[in-house]
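Everything on this sheet refers to the single structure shown next.
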Amino acid sequence: MASNQPNVFIDGEAGSTGVEVRKRLEMLPEIVLRSLPEAQRKHPSARQDIIGACDLVVLCLPDDAAREAVAMAEALGDRAPKLLDASTAHRVDPEWTYGFPEMASDQPEKISISRKVSNPGCYPTGAIGLLLPLVQAGIVPPDYPITISAVSGYSGGGRPLIEAHDRAGGPAFELYALGLEHKHVPEIERYAGLSRRPIFLPSVGHFRQGMLVSVPLYLDDLPGRPTGADLREALRTFYEGSEHVRVAAGGKADKLEPDALNGTDRLDLYVCANEARRHAVLVAQLDNLGKGASGAAVQNLRLMLDLDPGPN
């Protein structure tokens, strides 16, 4: 290659996720961002040629198209680049490394040496971020009946949803996936350490960007009958020193807005408890296009290419 800088190609750069990833990568002077002319973006030989000419390829494609791109890359043998898949196609595939660096102390190293990394979903980032530390600490049993409610801005729903909300008179609010088979559930179940399938209720609000993920808990139904402070301390200990995950001190939040972290790559976690009623609600707040998508992709790309971590 002509440059010593790593070459990166976004396969699917015209889609909503691809556009956001490209915006961020254009600001990285450490890489060479490659692209195909629009007329060649769906041409198999042109795609395979540029895939083979790159060090890393970010897949911003529907699931089936992502699988096709992986097959193209693997057909190159030793010339195959590293792959970072933003689709849901490989998130629970044991041959792929899950791209949530904060989930374990050795996860950044696993991501850095992996040739195939699956970028987490936006909803799972919040749900796993809340639940995994408490399951590992023994506070929440793996078979506890978990219910997850979440609301997202419409920017994460693809072009049809974006166009519906951008039109005058777009829907104010929508519950969806009421068949309780949302494609993110297997990912949440596996990486949160759950042995019982959670109930997941996603929704979309009439705002472009931002996300809240919440999990209610009956404190007296948990082992040892913990307090809200106990939950908060378990989260704080788990994420101590993290650059991207912050555990809010105290439990005084009375109102949280989904767009408060827009434009950042942060994940903020809250424990809101009523000790008199022995109720608690865990809440994750994030930008669905930041730590929930393209921001996470850039964080993983930096690890995979051994670049400086960059700003939060």
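The values are calculated or read from the model by the stated rules, or taken from the named source; none is laboratory data. Source: prediction; values computed, not measured. Cβ atoms come from the backbone with ideal geometry, glycine included; neighbour counts cover every protein chain shown. Note: areas computed on protein heavy atoms with side chains; ligands, DNA, RNA excluded. Shrake-Rupley method; radii C 1.70, N 1.55, O 1.52, S 1.80 Å.
Below are the figures for this structure:
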item	result
Matching strands (runs of 3 or more DSSP E) fully within the stretch 46-146 where at least 3 residues are at pLDDT 95 or above and in contact with a Lys or Arg (Cβ under 7 Å, 6 or more places away or on another chain)	none
In the stretch 12-31, the residues that are in contact with a helix residue (DSSP H, G or I) (Cβ under 8 Å, 6 or more places away or on another chain) and either β-branched (Val, Ile, Thr) or within 18 Å of Gly156 (Cα to Cα) (or both)	Gly12, Glu13, Ala14, Gly15, Ser16, Thr17, Glu20, Val21, Lys23, Arg24, Ile31
Matching option when the condition is of a type in the set (Lys, Arg) and closer than 24 Å to Leu178 by Cα, among Arg208, Arg266	Arg208
Single residue of the stretch 251-281 satisfying the filter (part of a loop (DSSP other than H, G, I, E, B) and of a type in the set (A, V, I, L, M, F, W, C)) that is farthest from Phe100 (Cα to Cα)	Ala276
Of all residues in the stretch 112-122 being open to solvent by 10 Å² or more (accessible area, probe 1.4 Å) and in contact with a strand residue (DSSP E or B) (Cβ under 7 Å, 6 or more places away or on another chain), the one that is farthest from Ala284 (Cα to Cα)	Arg115
Some residue of the stretch 166-183 being part of a helix (DSSP H, G or I) and in contact with a Lys or Arg (Cβ under 9 Å, 6 or more places away or on another chain)	yes
Answer residue from the stretch 29-45, given it is within 17 Å of Leu84 (Cα to Cα) and either assigned to a loop (DSSP other than H, G, I, E, B) or out of contact with any strand residue (DSSP E or B) (no Cβ under 6 Å at 6 or more places or on another chain) (or both) and is modelled with the highest pLDDT among those	Ile31
Pairs with Cβ under 9 Å, 6+ apart, first in the stretch 23-40 and of a type in the set (Asp, Glu), second open to solvent by 60 Å² or more (accessible area, probe 1.4 Å)	Glu30/Gln5; Glu30/Asp308
Filtered residues of the stretch 42-72 (kept if more than 20 Å from the chain's Cα centre (by Cα), in contact (Cβ under 8 Å) with a residue 40 or more places away in the chain, open to solvent by 20 Å² or more (accessible area, probe 1.4 Å) and within 26 Å of Leu289 (Cα to Cα))	Asp55
Filter pass, Arg232 being closer than 15 Å to Val140 by Cβ, at pLDDT 95 or above and assigned to a loop (DSSP other than H, G, I, E, B)	no
Subset of the stretch 266-305 [in contact with a His (Cβ under 8 Å, 6 or more places away or on another chain) and buried (at least 24 other Cβ atoms within 10 Å of the Cβ)]	Leu267, Lys291, Gln299
Residue satisfying all of: in the stretch 73-92; open to solvent by 30 Å² or more (accessible area, probe 1.4 Å) and without any contact (Cβ under 8 Å) to a residue 40 or more places away in the chain; nearest to Gly193 (Cα to Cα) among these	Glu74
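Yes/no matrix, rows are residues, columns are (1) closer than 26 Å to Asp63 by Cα; (2) crowded, with 18+ Cβ neighbours inside 10 Å:
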site	(1), (2)
Ala137	no, no
Gly169	no, no
Pro186	yes, no
Leu201	yes, no
Val215	no, yes
